[in-house]
Amino acid sequence: MFSREFFTGLVRAGAIGLGMLGATGCSVAQQDRFTLITELPPGFSIKGEASYVPRTGESCTVPPRKGRNYPGLKFFEQKLNNDAQTAHFEVPLTSNEGGCPLVLDTFAYEVDAKYGADFRNVGRAHTGVSFSDGSAESPSPPPVLVLQKQCQWLFRTAGPDRYIAKILKCKSVATPDQASDPVVKGPMQRAQFAGKTIKVVFSIAKEETPYMGDTWVKFPEGWKRCMGKSLEDPYAFCRGNTTDFKPFKMPDGRDCTVYPNCTE
């Protein structure tokens with residue numbers, strides 16, 4: 001039977017920064033899995049969770065958790081690295097763990113990225129792909145299907161000292177040749193991806209924008225934080241006042257008046 005350790009241990013030796021875990025005596029046939037490749041920018045880490053459900057027509061249920069064994073979930077992880085990194089995962093499309101025939105339903109990602117030295121200076125975003133029943137005779141995806149995910153930092157101030165905090169937002173971006181491709185729109189047909197590769201490329205936008213509208217004003221030298229009703233106003237909407245602003249602090253503690261350059 002497959003265990004969490006086994007599936008995590010299927011990460012290829014070429015993956016950067018992954019701890020290899022031991023495998024059980026079971027094996028997964030090449031045609032019963034797909035290869036997931038993730039390309040991450042510097043300062044990123046990723047956790048993956050493959051979720052399985054009973055095969056269509058089966059009356060059984062997903063077996064309950066037993067110890068560290070999760071029949072309906074398989075876990076994958078790529079640790080944070082200060083450099084750009086690429087990870088390879090072998091993801092089973094089916095499982096018979098616990099005696100119930102299971103099929104892959106979703107593969108969800110939890111992406112973390114650091115924006116400062118403190119352990120709290122981390123943004124998190126969630127994304128993923130879903131699968132459905134289908135036929136291997138349906139229009140087939142290419143041997144390597146590339147999916148683009150663009151991430152962007154959204155900044156705001158938090159707390160009485162108005163420290164800069166950032167929220168990470170990631171969205172799918174279709175390449176021109178994918179604009180009308182049904183393979184990348186909606187759930188992917190499971191049978192089409194047997195023995196194939198899905199490559200997910202994460203990028204980070206160069207420009208950061210405010211998390212909430214009408215709270216910052218953009219000038220040539222950068223963004224200024226609106227005063228609001230007072231220095232203590234935690235929301236501080238501009239409401240047409242584009243002349244009164246208040247200072248804030250960078251994550252490293254610097255006192256600043258403009259973001260991201262700090263000083264004008």
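The values are calculated or read from the model by the stated rules, or taken from the named source; none is laboratory data. Since this is a predicted model, take the numbers as computed values, not measurements. So basically every Cβ, Gly included, is an ideal-geometry build from the backbone, and we count neighbours across all protein chains shown.
Structure data summary
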| item | result |
| --- | --- |
| Tally of residues being among the polar types (S, T, N, Q) and assigned to a helix (DSSP H, G or I) across segment 189-232 | 1 |
| Candidates V129, V122, V103 - the one that is assigned by TED's automatic domain parsing to the domain that holds K169, more than 15 Å from E49 (Cα to Cα) and in contact with a strand residue (DSSP E or B) (Cβ under 9 Å, 6 or more places away or on another chain) | V122 |
| Test: residue in segment 162-172 that is touching a helix residue (DSSP H, G or I) at 6+ places or on another chain (Cβ under 6 Å) and outside any strand (DSSP E or B) | no |
| Pairs, first closer than 23 Å to Q189 by Cβ in segment 55-75, second charged (D, E, K, R) and modelled with pLDDT of 90 or more, C-beta under 7 Å, six or more apart | L73/E49 |
| Of all residues in segment 129-162 being surrounded by fewer than 16 Cβ atoms within 10 Å (Cβ to Cβ) and touching an Asp or Glu at 6+ places or on another chain (Cβ under 8 Å), the one that is modelled with the highest pLDDT | L154 |
| Selection count where residues are surrounded by 13 or more Cβ atoms within 10 Å (Cβ to Cβ), farther than 30 Å from L231 by Cβ and either at pLDDT below 85 or among the aliphatic types (A, V, I, L, M) (or both), scope segment 163-183 | 4 |
| Members of segment 147-164 found to be in contact (Cβ under 8 Å) with a residue 60 or more places away in the chain and of a type outside the set (K, R), listed by number | C151, F155, T157, P160, D161, Y163, I164 |
| Residue within segment 193-211 that is surrounded by 15 or more Cβ atoms within 10 Å (Cβ to Cβ), of a type in the set (F, W, Y) and at pLDDT below 90 present | yes |
| Which listed residue is part of a loop (DSSP other than H, G, I, E, B), of a type in the set (G, A, S) and in contact (Cβ under 8 Å) with a residue 12 or more places away in the chain, from S140, S130 | S140 |
| Verdict on E39 being surrounded by fewer than 16 Cβ atoms within 10 Å (Cβ to Cβ) and either at positive phi or not small (G, A, S) (or both) | no |
